[in-house]
1. Looking at region 71-94 only, could you name the residues that are over 20 Å from the mean Cα position of the chain (by Cα) and more than 17 Å from E145 (Cα to Cα)?
2. Checking V113 against (1) buried (at least 16 other Cβ atoms within 10 Å of the Cβ); (2) under 21 Å from the mean Cα position of the chain (by Cα); (3) at pLDDT 95 or above; (4) β-branched (V, I, T), which single condition isn't satisfied?
3. In this structure, is R109 in contact (Cβ under 8 Å) with a residue 24 or more places away in the chain, closer than 20 Å to K151 by Cβ, not polar (S, T, N, Q) and not in a helix (DSSP H, G or I)?
4. When you go through D31, D100, D11 one by one, which is the residue that is in contact with an Asp or Glu (Cβ under 7 Å, 6 or more places away or on another chain) and not polar (S, T, N, Q)?
5. Can you name the residue in region 116-132 that is assigned to a helix (DSSP H, G or I) and not acidic (D, E) and, of all such residues, is farthest from the chain's Cα centre (by Cα)?
6. Which residues, taken from region 41-66, are surrounded by 14 or more Cβ atoms within 10 Å (Cβ to Cβ), touching a residue at least 40 places away in the same chain (Cβ under 8 Å) and among the polar types (S, T, N, Q)?
7. In region 22-53, which residues are more than 23 Å from R148 (Cβ to Cβ) and outside any strand (DSSP E or B)?
8. Can you tell me how many residues in region 1-15 are exposed (fewer than 15 other Cβ atoms within 10 Å of the Cβ) and either assigned to a helix (DSSP H, G or I) or in contact with a His (Cβ under 6 Å, 6 or more places away or on another chain) (or both)?
Amino acid sequence: MKHVLAVLVEDKPGVLSRVAGLFSRRGFNIDNIAVGETITPGISRMTITLEGSETIVEQVAKQLHKLVNVLKVSNLSKEPSVSRELMLIKVKAEMGSRSDIQQIVETFRGKVVDVSPDSMVIEVTGNEEKMEAIKLLLQDFGIREIVRTGKIAVLRGSKVTGEF
């Protein structure tokens, strides 16, 4: 099962390296990680997606709490949350296929963000299933490149992960 952890950390050099090192030393794999600022100056938030049992995720959370500069660890998988991922996908797009590609993009509520004589760059946001579905439909045109942000997530309702 995939789990999403929100980790609040001090915005200091080496924090990301220490977090990644913990996963490596313990033999855990990070599916993806996204790091960004929060509304509190000096505090960053890591959204980490990993696969494993509930026991493994609890062990990871306990180990993360022990790291210097880690302020709070929350398992968003246990609570109602909204999660999204951003994907940019460059597709081979000759003149005759552009309208077909555009229809697929509109169906997935994506946008064409760049057009060149032989390709298009498409931006799409959503969950992992949506990303895989549009990728599957576009592969017949010839995918040249894919870049994904990894999952970010926020709790539903008035509760926030930023309070500690």
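The values are calculated or read from the model by the stated rules, or taken from the named source; none is laboratory data. Quantities reported herein were computed from a predicted structural model and do not represent experimental measurements. As a convention, Cβ positions derive from the backbone with ideal geometry for all residues, glycine included, and neighbour counts pool all protein chains shown.
1. Matches in region 71-94: L71 only.
2. Answer for V113: the failing condition is (1).
3. No, not satisfied.
4. D31
5. K130
6. Result: T47, T49, Q63.
7. Scanning region 22-53 gives L22, R25, R26, G27, I39, T40, P41, G42, S53.
8. Matching residues across region 1-15 total 0.
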